[in-house]
Amino acid sequence: MLAQTEHRLIRRESDIERIPPSLVRDLHAYWLKKRGGRAIPAWADVQPAEITRLLPNLIVAGIGHEPLQVRYRLAGTEIVEFRGEITGHRLGEVPWSSSAGQAVVMDGFKRAIVERIPLFSEVDITTRTGAHHQIFAGIWPLAPRCGAPIDRCLALEDYGNLSRNALS
């Protein structure tokens with residue numbers, strides 16, 4: 001398993017305009033297109049062939065309720081490269097960050113699910129060697145039909161020019 005890195009939330013936004021151009025903006029544009037006139041698109045609306053450039057940085061998370069649980073159903077190759085394999089695990093079961101870091105991630109999922117909105121973050125990563133790098137991330141809720149509980153979320157992490165070697 002990959003060594004832990006520390007993640008510090010710099011800011012969390014519901015306004016995409018406050019996030020610099022990135023893969024996060026690209027996925028948001030896709031989510032809006034798939035949403036159409038509805039409040040939230042469904043998983044059935046997502047066509048991976050339409051977003052192949054984003055797939056390496058994409059996470060598909062299944063959502064359980066009462067209590068709220070996030071289970072990683074799919075992680076792209078960049079996610080696995082930077083985080084380790086998380087597919088099939090619940091948030092909190094994977095050692096890619098501290099328990100405090102996992103709580104921050106859970107808070108983001110919870111807010112996106114409860115408020116039924118996309119949520120965007122800027123995160124500072126402090127590596128084991130003490131280096132700092134900013135990444136951008138987002139969470140987009142999905143529901144099978146209007147008014148139904150959120151059953152999945154898309155999440156994406158854009159590592160920018162950070163290389164995996166910089167984290168070792």
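The values are calculated or read from the model by the stated rules, or taken from the named source; none is laboratory data. The structure presented is a predicted model; accordingly, all values stated were derived computationally and were not measured. Counting neighbours? That spans all protein chains shown, and the Cβs are built from the backbone with ideal geometry, glycine included.
Tell me which residues, restricted to region 17-27, are surrounded by fewer than 19 Cβ atoms within 10 Å (Cβ to Cβ) and part of a helix (DSSP H, G or I).
Hits for region 17-27 are 17, 18, 25, 26.
Out of all the residues in region 78-98, is one or more within 16 Å of residue 24 (Cα to Cα) and either modelled with pLDDT of 95 or more or surrounded by 13 or more Cβ atoms within 10 Å (Cβ to Cβ) (or both)? Break it down stepwise before answering.
First, pick out the residues of region 78-98 that are within 16 Å of residue 24 (Cα to Cα): 78-79.
Remaining after also requiring either modelled with pLDDT of 95 or more or surrounded by 13 or more Cβ atoms within 10 Å (Cβ to Cβ) (or both): 78-79.
Yes, some residue in region 78-98 is within 16 Å of residue 24 (Cα to Cα) and either modelled with pLDDT of 95 or more or surrounded by 13 or more Cβ atoms within 10 Å (Cβ to Cβ) (or both).
With the structure loaded, tell me whether residue 157 is touching a residue at least 40 places away in the same chain (Cβ under 8 Å), part of a strand (DSSP E or B) and of a type in the set (Asp, Glu) or whether it fails that test.
Numbers: touching a residue at least 40 places away in the same chain (Cβ under 8 Å): yes; part of a strand (DSSP E or B): yes; of a type in the set (Asp, Glu): yes.
Considered against the rule, which asks whether it is touching a residue at least 40 places away in the same chain (Cβ under 8 Å), part of a strand (DSSP E or B) and of a type in the set (Asp, Glu), residue 157 comes out as yes.
Please state which of the following conditions residue 49 fails to meet, knowing it meets all the rest: (1) without any contact (Cβ under 8 Å) to a residue 24 or more places away in the chain; (2) buried (at least 17 other Cβ atoms within 10 Å of the Cβ).
For residue 49, the exception is condition (2).
Test residue 117 against the criterion of being at pLDDT 90 or above and more than 14 Å from residue 58 (Cα to Cα), and give yes or no.
Yes: the conditions hold for residue 117.
Name the pairs whose Cβ atoms lie under 6 Å apart, with the first residue in region 62-79 and over 19 Å from residue 159 (Cα atoms) and touching a residue at least 40 places away in the same chain (Cβ under 8 Å), the second assigned to a helix (DSSP H, G or I) and hydrophobic (A, V, I, L, M, F, W, C), and 6 or more positions between them or separate chains?
Sorted first by the residue in region 62-79, then by its partner, the pairs are 70/109.
Is it fair to say residue 86 is more than 19 Å from residue 160 (Cα to Cα), outside any helix (DSSP H, G or I) and free of Cβ contacts under 8 Å to residues at least 40 places away in the same chain?
So residue 86 fits the description; yes.
Can you name every residue in region 121-153 that is modelled with pLDDT of 90 or more, farther than 14 Å from residue 105 by Cβ and among the aliphatic types (A, V, I, L, M)?
142, 143, 148, 150
Considering each residue of region 58-75, count those that are among the small types (Gly, Ala, Ser) and either under 11 Å from the mean Cα position of the chain (by Cα) or outside any strand (DSSP E or B) (or both), and give that number.
2
Where residues in region 110-163 are among the acidic types (Asp, Glu) and over 23 Å from residue 51 (Cβ atoms), which of them is surrounded by the fewest Cβ atoms within 10 Å (Cβ to Cβ)? If you could, list the steps in order and put the result at the bottom.
Within region 110-163, the first condition is being among the acidic types (Asp, Glu), and the residues that meet it are 115, 122, 124, 151, 157-158.
Right, trim to over 23 Å from residue 51 (Cβ atoms) and you get 115, 124.
Numbers: 115: 11, 124: 13.
Here the residue is 115.
Just checking, how many residues over region 89-106 are part of a helix (DSSP H, G or I), touching a Leu at 6+ places or on another chain (Cβ under 8 Å) and farther than 22 Å from residue 148 by Cβ?
3
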